[in-house]
Each structure stands twice: as structure tokens, then as C-alpha cells.
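Enquirer: First the structure, which I've put down as C-alpha cells, then a few questions once you've had a look.
The values are calculated or read from the model by the stated rules, or taken from the named source; none is laboratory data. Treat the numbers as computed from the prediction; the structure is a model and nothing was measured. Positions of Cβ are generated from backbone atoms using ideal geometry, with glycine treated the same way; all protein chains shown enter the neighbour counts. What goes into the accessible areas is simple: the full protein's heavy atoms, side chains included, and nothing from ligands, DNA or RNA. Shrake-Rupley method; radii C 1.70, N 1.55, O 1.52, S 1.80 Å.
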Amino acid sequence: MVSAVPSRHRLHGHLLRCVVSLAAIAFTVDAVQYDTIDKYDCFRSLEGMTKSMFDLAESYPDLSSVVDIGDSYLKSKNDNNDDYPLPQNGYDIYAMVITASDSPHPSSAKGKTLIISGVHPREYAPPELTMRFAESLLTGYEVDADITWILQHTEVHIIFQVNPDSRYVTEKYPKTFWRKNQNPGNGRENCKADEIGVDLNRNFGFKWGDQDGASDDSCDSTYHGRGPGSEPETRAVVDYAKEIFPEEQGRRDDPEGSTNVAFGEDNTGIFVDVHAPGGYIFYPWGHKDRKSPDDDALQATARKMSYYNGYVLWAGGQPDFQYAASGDSSDYMYATLGVASFGLELGEDFYEDCSRFENEIVPGNLPALTYLVKNAKKPFSLAKGPDIISLIVSDDVIQDGIQYGIKVTVVASDSRLVNSISRYPDFPETGGQGVAEVRVYLDVHPDDYEEGDALAWEMQLIDNDSEEPKFELEVISAGGFSAGRHTLYVQAKDGAGYFGPTTGAFFDVEMRPTKSPSLAPTTGSPSPKPTSMPIRRPSKKPSVSPTTATPSAVPTGKPSTFRPTKSPSRSPVTANPLPSPTRNPTRAPSYSPTTAQPSASPTTNPTRLPSSSPSYGPSRNPSISPTGQPTTSPSDSPSTANPTSQPSTSSSFDPSTKPSFYHSLSPSINPSGDPRYQPSDDPTIELTLGPTPASSSVAQVTETLRSENASTTACSSASAVLALLASALSLLYLG
């Protein structure tokens, strides 16, 4: 029997958004046990966030750990704010590390992603979103195929609260709308009580002090501080980034003199700084309205993120460039460390409405972040390749009336995601090369593939009439499928030779005695077993010749229990000023978890929230909202032969006749969450894996694409039920 497993069958671009959205709503149920911001029950407070972080590290010791990376300003000075007193003299700054300890890859071989939030503490939504993302990764491991391989090949580092001193102030004294840190400088004599501090996002050491994008007035909301990296919070982020991103990939001693020099496509690592509000995705350059030398890759990535969240682009050369920001984190990480750098401006308000956060911000941005993390190993290359739009496993392979295999159906596109922003022109630089090739790998990730180590096939192009061409190939799995869990990995390549990000799907095989199913037979016979060359070529090849990926290691079957051999240089956390979690986190594989208990809970009561935001501080609201229909570019995919057979249409799932199939979420939903989205008639890429040994047969399991409307309704209904349950539990908890 072949059976799909709940939430394990990833359908990229459609089902991804529904699965992650429902998981995020489910987290709101659990969140009621943590302290939240007054009048904003969807946002955990500084205390609640810290407790959540420690609880996750304890609950998932093989996937996560916590690192103390530095001190806040007040802790570094053993000081306090007399006007807005904190319960203690400052806080530690923590990072959470999320990666699989059972991966065969050591830390040095994994891609790295660093996500930060809470730089500007009056922006309530960013820390909660990054915590929801951490939760989705931890709960998705060995449940979702994509999340599983991501954590096998990638380390995700998240700093939830970069500016904890001021986060406490803005939560307890919300009328301040605090943006900067708590460094008074010379502001105590010259500024109002709520105007002191340094804007940490103007304090990084690239283009620091440029007056076009920062202020030297200590009372101003964009005050850049006394020098580059003058603030302990900034130094904590920079030192940690230098520790995790590879030094050998071309760090520049004079980044300001090299702004026209590209880093190249072999650099690794992704950095994300999450802010609010506005509805923007930003990337270099931010200090001036000019494109960076790596704009093709950075812009392609940002455009593809917009496919999920519907945001517009705030970057040099774009129509929605708002204003210059010098000394910011994104420009620094790209220019100095050579990593692909991005940022988000979430929602519409500093103190975001909970309904908008749960129904728009979380469902749109969790899949956008997941897409980003997929590219961490080679972000300057993978973003230029085609994307897997959907991946379906079904049972439509019939030989002489007997079910003998599974069918894999894939839709790939080089243009759909990158050209999804309405009123933006198409981006032919990376979205006009067409899909030249699609490969499927059985039980080995493409990065780990070596000749002869696993079964892999190149599909045959059979229909080149649209931008999303159809491929088909029938092959036989050598010896049939063994019983147990299997993973299919799919990757597409464009006409310029760029591979896109990998998409995976789980399927389980349980052997049963041979029985003749009552299904109509089809004509034709399966292809012969593959020879010693595991990449099988179609009888008529595309014009672009395939290449073989070079792996770092080759896992087989289920992940091994091998743990990373390289330990970090950081010492374990020794202090935690916030209220203690109920249990201490267990030691994790890559970083040592914290062991000390936070101190007592703050007792100061919060002030009532003002009805509107203050007039000072930069606005993040977009001037124009995206409207209209996404556009696409013509395909340059190579022509090919006619199909030898037409793919059969998958039938709708019927639980009464196919009890082994458990996955009920529909993949065909609105990926952007707005009315401008329209479904398209996508051709498919088809692979057939054929018969099992004669002593067993494969029972039916079908994953079907339902209509856009039906699937949207299913996801929305499930979301509504979970949201209602969350509200009810919240009332019980609060009452």
C-alpha cells in the first residue's frame, strides 16, 4: 500500500499557503498560555516571547537551541530609564538556532539564514511573526517534506527581540511609540523624555552617517548614533552574523568602494530584517535609489516573495522606492558580508490589528519566508531558476488491469512567480528563459546526488505550447519500492542553465499480498529498469543539455542519527532576566541551550493604547496598493516530440473507497490572498514510477488538484473553525 500522510505531501505554491496558514492559526490556540500585550492578544509580550522561546528549545531539543549573543544598552551600562523605568537594568539578547541534529551534514556544510525582528520596538507584529515561523519549522519537521529537507540542509537563526529594553517600554507605555534604543546620549538635556535613543537601523557600519538617509540630531527618530556600530544591540547582531556566515566567501574590507562589484553566484547565506508597517519587501540598495550589481538575483527573489504576500518592492530602481535609509542592516549584510539581504514591512499599523495579522500577515508571509529559506545554500543562483508550482502524487498507473505504481505530476514555471506583481513590468532577466528540464529524485536531495547513488530521472518535454510546458516519462524503480517512508524531490532548470529551488513530497509504502484491483487496464508497458546511469534521458532531448548536481553528502532512506561534528565557539547562555519557563531547554546539537532561569515578572501595568500613531517617525505605508492581474512573459522553452500517451486525470478523493489516504487539504488555492489572483490553465509535468515486485501490489492513493473555488473554500472553512476555537479558548483563559 502507498499512503499519503497528513500534511506531508507538499504542493508548492498552492497547498503550501493553506498548510502554513492553518498551522499558524493553530498556534494562536497554544499562545493563550503566554503573556500577551495589553489589548493585543495575538502578540506575545517580551516576557511571553522569551518563555515561548525557552519552551520550544526544551520541547524540540534535537531541532533547536538558544544562544545569548549580547546585552542591551541598559544591561551593558547597568542603568535604567528614570522616566520609564524597567523592572531591571536591561536584558540579554538571544538567538534561537533551528536545524536538524540528525542530518548527515555538519554545520559548516549547511546553508545559513539569519532573521531579526524587534529592531524598532513600536512595531508589534514582527517578533510575533518570526516566532510563528519558528513554530512552523519545528512542528513541520518529519511532517512536511520541504521543511524536513530544509532543516536537514540549513540552519535558521532567529533573533526575535533585537531591542528588548525599548520593547518593554513600548509595551508598558504605549503612548510613547518608542522607536530607538535606550541610550540617552546627550538627549536627556536636549530631547523630550520619549525622544532619546539611537535608531539601530541607522547604526550599522555601511554608509553610516550619510545625511541623505539618517540624522545627526540626537532627538530625531532616525538618529544614527555617535559612530558606526556604537550601540551594543547593533554589535550583537553584527558579531553574530560574522560568526555564522562564511568568512571565506569574500568579505570586503572596503565595501563602500566596491558598490559596483557583484559578489557572484556561489555566495551563500540569507539575511532578513522584519519591520512594520507598509506592505513592502526591501533589498539593496536602500541608501540610494540605484540597483545593486546583484540586482537580478535579489529582485527575482523579492518578486517571488511577493507572489505569496502581495507586497511591492522598496529598492533601488523600483517605482515604490520610498526614501533612502543609510546605515541600515540590509545594506550592511549584503555589502560587507556578501549575503543576500532582504526585509519586510508588515501590515498597516505599528500596533497592528489582530484580525489583519491573523488573516493576512501570517498566511502571506510564512510561505514567503519558507521560500526564502529554501534558497539559503545558493541564493544568488537558485532565485534565477524555475519554480515548482505544484507536485501531486497519485495512483493512475495501470498495467493489464493491475495497479503497479504511482504517478507524479508537476507544474513548473520560470515566469509565474517572478512576474506576479501587478503594474510592475515583467522581469525577463530571470523569468523569460522557459522550463528546459525537470528532474525527479527518489530518496536523495539534488544537492546530495551522486552518479549511481540513487534513482533520478529527467522528464521528456511533450507539449511546448504554453509558458508552463508539459513533460512526461515512465520509468521503473529498480526492484520496486521498499516498504516505509520515501521522499520525492523535484527540481526544474531553465533555458539559461539555472536550477530553481527544490520541492519535496513524502509517500509511504506498505506491502500487501497481490490483489487484482477493479480498475480498467491501460495499454503500453513500462520502460525498462534503469541501467548504471541513474539519470535517464528522454528519447528526444530538449535543446538544453542536462547537468549533474554536485553533492556534499548522500543520505539514504530515513535520516541517520549522525550529529554535526562542528561545535560553535559560543558559550552556553548563563543568565535570563525574564520570567522563567517551567522547564529548562535540553542541550541541542549545534548550540548549547540556556540553563538559567529568568527573573520575576514585571509588575508595571500598561497604559491604555492611544487611538492613533504619533506624527513623528518615518511612515511605512505604501502610496499605491497593487491592483490588477499578474502578467507573464513568453516562454523560450525548447520544442520537443509529441507525447506517447496522454496523462490520465486524477479523480476526486473519496474517503469511503480510499481509506489509506489521509491528506484532505486542497492544493489549488489563492496563493496571494487577494481578489486580483486568477487561476490559470497549467499544463503538467508527469512522471510514472512503475511496478512493485510480483509478490506485492500498490494500493490506491490519490492526491488531486481540485478547483480554485472549492479548495479556497476548504482552506477558509478550516481556518474559520480553528480561529473560532482559538477565540473560545482565549476567552476561557482570560476569563
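Enquirer: Here is a list: Gly316, Gly279, Gly327. Which entry is open to solvent by 10 Å² or more (accessible area, probe 1.4 Å), touching a Pro at 6+ places or on another chain (Cβ under 8 Å) and not polar (S, T, N, Q)? First the steps, then the outcome.
Expert: Working: Gly316 fails: open to solvent by 10 Å² or more (accessible area, probe 1.4 Å); Gly327 fails: open to solvent by 10 Å² or more (accessible area, probe 1.4 Å).
None of the other options fit; the residue is Gly279.
Enquirer: Now for a separate question. Considering only region 144-160, state which residues are buried (at least 24 other Cβ atoms within 10 Å of the Cβ) and out of contact with any strand residue (DSSP E or B) (no Cβ under 7 Å at 6 or more places or on another chain).
Expert: Once the filter is applied, which keeps residues that are buried (at least 24 other Cβ atoms within 10 Å of the Cβ) and out of contact with any strand residue (DSSP E or B) (no Cβ under 7 Å at 6 or more places or on another chain), region 144-160 yields Asp144, Ile147, Ile150.
Enquirer: Answer with yes or no whether Pro126 is surrounded by 24 or more Cβ atoms within 10 Å (Cβ to Cβ) and either modelled with pLDDT under 95 or assigned to a helix (DSSP H, G or I) (or both).
Expert: Numbers: surrounded by 24 or more Cβ atoms within 10 Å (Cβ to Cβ): yes; either modelled with pLDDT under 95 or assigned to a helix (DSSP H, G or I) (or both): yes.
So Pro126 fits the description; yes.
Enquirer: Have a look at Thr113, Thr50 and point out the one that is of a type in the set (Val, Ile, Thr), outside any strand (DSSP E or B) and touching a residue at least 60 places away in the same chain (Cβ under 8 Å).
Expert: Numbers: Thr113 fails: outside any strand (DSSP E or B).
Being of a type in the set (Val, Ile, Thr), outside any strand (DSSP E or B) and touching a residue at least 60 places away in the same chain (Cβ under 8 Å) holds for just one of Thr113, Thr50, which is Thr50.
Results for (1) within 27 Å of Lys180 (Cβ to Cβ); (2) in a loop (DSSP other than H, G, I, E, B); (3) touching a Lys or Arg at 6+ places or on another chain (Cβ under 7 Å); (4) modelled with pLDDT under 95, shown as yes or no for each residue.
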residue: Ser230; (1), (2), (3), (4): yes, yes, no, no
residue: Asp239; (1), (2), (3), (4): yes, no, no, no
residue: Arg251; (1), (2), (3), (4): no, yes, no, yes
residue: Glu256; (1), (2), (3), (4): yes, no, yes, yes
residue: Val261; (1), (2), (3), (4): no, yes, no, yes
residue: Val274; (1), (2), (3), (4): yes, no, no, no
residue: Pro284; (1), (2), (3), (4): yes, yes, no, no
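Enquirer: Oh, and also: Give the residue that is surrounded by the fewest Cβ atoms within 10 Å (Cβ to Cβ), with candidates limited to residues of region 423-440 that are in contact with a Pro (Cβ under 9 Å, 6 or more places away or on another chain) and assigned to a loop (DSSP other than H, G, I, E, B).
Expert: Restricting to residues being in contact with a Pro (Cβ under 9 Å, 6 or more places away or on another chain) and assigned to a loop (DSSP other than H, G, I, E, B), the top hit is Arg423.
Enquirer: Here's something else I'd like to know. Could you count how many residues in region 165-209 are among the basic types (Lys, Arg) and surrounded by fewer than 23 Cβ atoms within 10 Å (Cβ to Cβ)?
Expert: Quick first cut of region 165-209, residues among the basic types (Lys, Arg) only: 167, 172, 175, 179-180, 188, 192, 202, 207.
Cutting the leftovers down to surrounded by fewer than 23 Cβ atoms within 10 Å (Cβ to Cβ) gives us 172, 175, 188, 192.
Final tally of qualifying residues: 4.
Enquirer: Take Glu265 and decide whether it is part of a loop (DSSP other than H, G, I, E, B), crowded, with 24+ Cβ neighbours inside 10 Å and not small (Gly, Ala, Ser). Quick ask: steps written out before the conclusion?
Expert: Working: part of a loop (DSSP other than H, G, I, E, B): yes; crowded, with 24+ Cβ neighbours inside 10 Å: no; not small (Gly, Ala, Ser): yes.
Here the answer is no, as Glu265 does not meet what is asked.
Enquirer: Between Ala262, Ala300, which is under 27 Å from Thr130 (Cα atoms) and of a type in the set (A, V, I, L, M, F, W, C)? Steps first, please.
Expert: Values: Ala262 fails: under 27 Å from Thr130 (Cα atoms).
After ruling out the rest, the residue left standing is Ala300.
Enquirer: Regarding Asp353, is this residue surrounded by fewer than 23 Cβ atoms within 10 Å (Cβ to Cβ) and without any contact (Cβ under 8 Å) to a residue 40 or more places away in the chain? Can you show your working first?
Expert: On the way: surrounded by fewer than 23 Cβ atoms within 10 Å (Cβ to Cβ): yes; without any contact (Cβ under 8 Å) to a residue 40 or more places away in the chain: yes.
In short, yes.
Enquirer: Could you figure out which of (1) open to solvent by 10 Å² or more (accessible area, probe 1.4 Å); (2) part of a helix (DSSP H, G or I); (3) under 25 Å from Glu155 (Cβ atoms); (4) modelled with pLDDT of 90 or more isn't true of Phe27?
Expert: Failed condition: (4).
Enquirer: Does Asp212 satisfy the condition of being touching a residue at least 24 places away in the same chain (Cβ under 8 Å), surrounded by fewer than 24 Cβ atoms within 10 Å (Cβ to Cβ) and within 26 Å of Asp253 (Cβ to Cβ)? Outline the logic, then answer.
Expert: Numbers: touching a residue at least 24 places away in the same chain (Cβ under 8 Å): yes; surrounded by fewer than 24 Cβ atoms within 10 Å (Cβ to Cβ): yes; within 26 Å of Asp253 (Cβ to Cβ): yes.
When the stated conditions are applied, Asp212 passes them.
Enquirer: Does region 234-247 include one or more residues that are in contact with a Leu (Cβ under 7 Å, 6 or more places away or on another chain) and either of a type in the set (S, T, N, Q) or within 15 Å of Asn163 (Cβ to Cβ) (or both)?
Expert: yes
Enquirer: Let me ask something else. Is it the case, given these coordinates, that Gln88 is surrounded by fewer than 23 Cβ atoms within 10 Å (Cβ to Cβ), not in a loop (DSSP other than H, G, I, E, B) and not acidic (Asp, Glu)?
Expert: Here the answer is no, as Gln88 does not meet what is asked.
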